[in-house]
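Presented below is the structure to which this report refers.
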Amino acid sequence: DYNDTIIINNTDLDQVDQEDQVDQEDQEDQEDQEKQPMTGEGDRAEDAPSAGGEEAEPVPVPEKNGSVKLKIPEDEEEKFTGLTKEELLRVAGTPGWVRTRWSLLVVFWLGWLGMLGGAVLIVLQAPRCRDLPSSSWWNAGSLYRIGDVGAFSATHDLKGESKVGYLSQMKVRGLVIGPIHMAPADDVMSLRFEEVSSESGTLDQFKDLVQVAHKKGISVVLDLTPNYQGSSGPWFSNGSVTNVSALVFWVNQGLDGVQLSGVERVASMVPSLWTDIRAIVQNGTEGTLNKRVLIGVTERSAAEDVSALLNSTGVDLLISGVLLPGATEATDATERAQSVQLLYSAHSQLKLAWSLGGWGQGHLASLVGPALVRQHQLLLLTLPGTPVFNYGDEIGLMDEGNTFPRMLWDSEDELNGTLKVNKKNGETETNRKSKSNALSALRAKERSLLFGDFLLLSNSSSSLAYLRVWDQSERYLAAFNWAEEAAALHLSGAAALPRWAVVVLSTDGGALPADSSVDLTELRLGPGEAALLRFPYAG
């Protein structure tokens, strides 16, 4: 019995193992079918009979990449056809819709009129910008005079290509050159207007200089004073010696203007000639890029005389001796300020020119002293009008007994009087030039310094302060102390001043460092110090 039981149990176990093996094979077959891609099975699925012999339901047809294509019965979509014309007309005529439509129309127009009224009020209440004056190129920057070409150029001629870049860095707007024509001293018979002197170069060199300057945005003015080397006067003994055809010749070389010394003499003695000169230089410039300027030069220094000459000669700019130290009617700071105020009140600042030094007067450093060069540069660049400098003024060049000293360049090592004084004061030529260039660049872009009103704030025998104001632009205050000791400036005037202003630059730099704030109620300047300050438009 025991053995039978064993056999029976073993048989049962074999049967269980066989059933488990069948179940495992069925499961593996099912997993293999699930892993097979659903492609190529469509026909077999459709051919397979359904259970019970009944007709099979449609089976989804497998597509490639595992997608299934199902047939979904299309439902009928309800399409909105809108209202018919008759229905719209019926609705539009109802009282409710009419009231709604008129209400929306009224709201729209009220809103539109409100916005229009608001815009008009904003425009009317906003401060109106002041129109810029109709200025010319000579009002946009300083003029740089080179009376002796040989002294300025290292090659002693008009080959100035390398020097034009130097002038461009200084923000020079115009170059006044010469005279360069043949004119032996007091020898009217040897006068050759259309011939360049051998000391100045050649006509072709001059033409090249004009072209190079124009490419840099610098206009060129030629001095055509007849007897510029003589002692009997700039017009010889006969005021009519100028040849009008020669003037036309030079204008046709591309000049942007002409400068003439002693204009009071020729304008009064030979008025017909002066009329022709003005017509040739000032007229006939329609359609040209640049207007031509007629610059007059006079030795007169009284503000009343200079004002009368401006009226009688009709020149565009008149260079005079109004600012010269020790000159009649301008012996101290008080009289100098009065002269500036008189000319500013009597004439448009677009016709005013300010200069210190010239052909027979020498350079700025020799006239005012090396220590006051930067103060006077600040004065010239902030007065209402066109500043005019002589070559070398930017580095404090001194005459040393010659009104046309040799120009000093950065590469030169020779120690003349100019270099010695500057080194003693702790300044290099590059340092002086960079400060001069910065001030010139500031003037060229600030409207208050270009066109602004001139308001005198303080004036004494040793100090001066004035304000330059243009519309809504930043205001600039220039202050000067000419004395050898420190001074407090009491500012007063028609313009309302804020309490604080920012230092733009100072000739000393110690007492008033750049970018520092200064209390204008307690403005103090050191000995011989000048400063330029600014403050914003307050509305």
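Some points to look at:
- Total residues in region 311-329, condition among the small types (Gly, Ala, Ser), at pLDDT 85 or above and assigned to a loop (DSSP other than H, G, I, E, B): 3
- Just one of the listed residues (SER473, SER448, SER458) is of a type in the set (Gly, Ala, Ser), open to solvent by less than 20 Å² (accessible area, probe 1.4 Å) and over 23 Å from MET170 (Cα atoms), namely SER458.
- One residue stands out in region 330-343 among those that are touching a strand residue (DSSP E or B) at 6+ places or on another chain (Cβ under 7 Å) and buried (at least 18 other Cβ atoms within 10 Å of the Cβ): the one that is modelled with the highest pLDDT, namely LEU343.
Residue-wise test of (1) exposed (fewer than 10 other Cβ atoms within 10 Å of the Cβ); (2) more than 26 Å from the chain's Cα centre (by Cα).
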| position | (1), (2) |
| --- | --- |
| LEU116 | no, yes |
| VAL123 | yes, yes |
| PRO133 | no, no |
| ALA140 | no, no |
| GLY147 | no, yes |
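- Search result, residues across region 265-275 that are open to solvent by 10 Å² or more (accessible area, probe 1.4 Å) and at pLDDT below 90: ARG265, ALA267, SER268, MET269, VAL270, PRO271, SER272, LEU273
- Scanning region 187-202 for residues that are open to solvent by less than 70 Å² (accessible area, probe 1.4 Å), in contact (Cβ under 8 Å) with a residue 40 or more places away in the chain and under 16 Å from SER153 (Cα atoms) gives SER200, GLY201, THR202.
- The set of residues in region 137-175 being basic (Lys, Arg) and at pLDDT below 85 consists of LYS159, LYS163.
- Selection of region 352-408 for residues being β-branched (Val, Ile, Thr) and at pLDDT 85 or above yields VAL368, VAL373, THR382, THR386, VAL388, ILE395.
The values are calculated or read from the model by the stated rules, or taken from the named source; none is laboratory data. From a predicted model like this one, the values you see are computed outputs, not experimental measurements. Positions of Cβ are backbone-derived with ideal geometry, glycine not excepted, and every protein chain shown enters the neighbour counts. Surface areas here come from the heavy atoms of the whole protein model, side chains and all, with no ligands, DNA or RNA. Shrake-Rupley method; radii C 1.70, N 1.55, O 1.52, S 1.80 Å.
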